[in-house]
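A short write-up of the structure that comes next.
The values are calculated or read from the model by the stated rules, or taken from the named source; none is laboratory data. In this text, all values refer to a predicted model and were calculated from it rather than measured experimentally. Positions of Cβ are generated from backbone atoms using ideal geometry, with glycine treated the same way; all protein chains shown enter the neighbour counts. Ligands, DNA and RNA are excluded from the accessible area calculation, which covers all protein heavy atoms including side chains. Shrake-Rupley method; radii C 1.70, N 1.55, O 1.52, S 1.80 Å.
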Amino acid sequence: MRVLIAALIAFAVSGAVGKVLVPWLAALKAGQTIKEIGPKWHLNKQGTPTMGGIMFIVGILVALVTAGLPNLMQGKLGGLFVFLFALVYGGIGFFDDYMKVKYKKNEGLTASQKFLLQLAAAILFTVLLRYFGYLDSRIYIPFANVTVQLPWILYMMFAAFVMVGTVNAVNLTDGVDGLAAGVTMPVAIFFTVVAVMWGYQELGIFAAALFGSLGGFLIYNFHPAKVFMGDTGSLFLGGAVAGLAFGLDIPVALILVGIIYIAETLSDIIQVTYFKLTHGKRIFRMAPLHHHFEMGGWSEKKVFAVFTAVTVAGCLLAFLGVAGRFTM
């Protein structure tokens, strides 16, 4: 019941915050600078307020300290840990957004600065989860229903790679109105169900709040978007997804639940690599993948619907893959 309450509170708070935040950001002229290398029609979005991710971050926080308060009082801090982990990434994104807005360029922190900050957060979070017993150095393999033991240092390297990769993959997915939020909502449902079935209510409350708050955010972000989540929101979302995967000790499940994140990232890597190797040739019309389909005539609403549907299918497969662990 408290999981449902968390989702409803997060939805209501996120939507209510948006009522104030969106016009405030517009009044501050905190508009997004659109890259000229993207689809030309995206230039019409120039000046749309950014940093809208603040609304779902606030929604989740309120849900955690209300619906999740009994868990916090009992010392069950997993949901709080994941929130703080995601908040670190959201903070990195906020600074990046602030620099973009201030200097009116689509550039903020350098790639190396982002990477080092993200890597440090991933390592600290992994150590924290291990200390509080949420994970060890074994990796659970879905479908096979087995675990593979790794040396701790090797597991740390694996965890850091997956966390940083996930965060940046979600960030890359945020390129079409509503897309990152729409794709992440079924992922949040997957983690909510798994957390509740395994008895991790504190993580279930966070995941449910993530789902609800994104619903509130989509009121303003669905096409045509009145506000963008910015790096503030997309990096927070990436941290939330990665944090839940490791908090529940099922990081390999990200291959399925994050199928769109992975496809977006691979399309970008393949495009850049092929372009360099062939001195100017391209495989995709434009990368990342959502732009490829846009250039092929898909509307933003169609991209949103299809990519979200693919994620739903991936989450259902992932659930079948981890279902055997419920009886372990």
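Looking at the stretch 157-200, which of its residues are open to solvent by 30 Å² or more (accessible area, probe 1.4 Å), in a helix (DSSP H, G or I) and more than 24 Å from I5 (Cα to Cα)?
Those that are open to solvent by 30 Å² or more (accessible area, probe 1.4 Å), in a helix (DSSP H, G or I) and more than 24 Å from I5 (Cα to Cα): M157, F158, F161, G165, N168, N171, L172.
I'd like the full set of residues that are touching a Phe, Trp or Tyr at 6+ places or on another chain (Cβ under 8 Å) and open to solvent by less than 40 Å² (accessible area, probe 1.4 Å), limited to the stretch 307-328. Explain how you work it out, then say what you get.
The initial filter retains those residues of the stretch 307-328 that are touching a Phe, Trp or Tyr at 6+ places or on another chain (Cβ under 8 Å), namely 315, 318-322, 324-326.
C315, A318, G321, V322, G324, listed by residue number.
Quick test for you: out of T166, T232, T192, T173, pick the one residue that is closer than 23 Å to L69 by Cα and among the hydroxyl-bearing types (S, T, Y).
The conditions single out T192.
How many of the residues making up the stretch 287-306 are closer than 25 Å to V241 by Cβ, open to solvent by 30 Å² or more (accessible area, probe 1.4 Å) and in a loop (DSSP other than H, G, I, E, B)?
So the answer is 1.
Given the stretch 222-281, what helices (runs of 4 or more DSSP H) lie entirely inside it while holding 2 or more residues that are touching an Asp or Glu at 6+ places or on another chain (Cβ under 8 Å) and modelled with pLDDT of 95 or more?
Numbers: elements: 230-247, 254-257, 259-277.
Result: 230-247.
Just wondering, is there one or more residues in the stretch 111-128 that are over 23 Å from G233 (Cβ atoms), modelled with pLDDT under 95 and among the aromatic types (F, W, Y)?
no
Does the stretch 153-205 hold any residues that are on the phi > 0 side of the Ramachandran plot and in contact (Cβ under 8 Å) with a residue 40 or more places away in the chain, and which are they?
Taking the stretch 153-205 as the starting set, the residues that turn out to be on the phi > 0 side of the Ramachandran plot are 178, 199.
Hit for the stretch 153-205 is G178, nothing else.
Of all residues being closer than 23 Å to V167 by Cα and of a type outside the set (V, I, T) in the stretch 262-283, which is surrounded by the most Cβ atoms within 10 Å (Cβ to Cβ)? Just the residue, please.
Restricting attention to the stretch 262-283, the residues satisfying the condition of being closer than 23 Å to V167 by Cα are 262-273.
Applying the additional criterion that residues be of a type outside the set (V, I, T) yields 263-264, 266-268, 271.
Details: A263: 17, E264: 28, L266: 14, S267: 20, D268: 18, Q271: 20.
In this case the residue turns out to be E264.
Among the β-branched types (V, I, T), touching a residue at least 24 places away in the same chain (Cβ under 8 Å) and in contact with a helix residue (DSSP H, G or I) (Cβ under 7 Å, 6 or more places away or on another chain): is that true of I260 in this structure?
Numbers: among the β-branched types (V, I, T): yes; touching a residue at least 24 places away in the same chain (Cβ under 8 Å): yes; in contact with a helix residue (DSSP H, G or I) (Cβ under 7 Å, 6 or more places away or on another chain): yes.
Yes.
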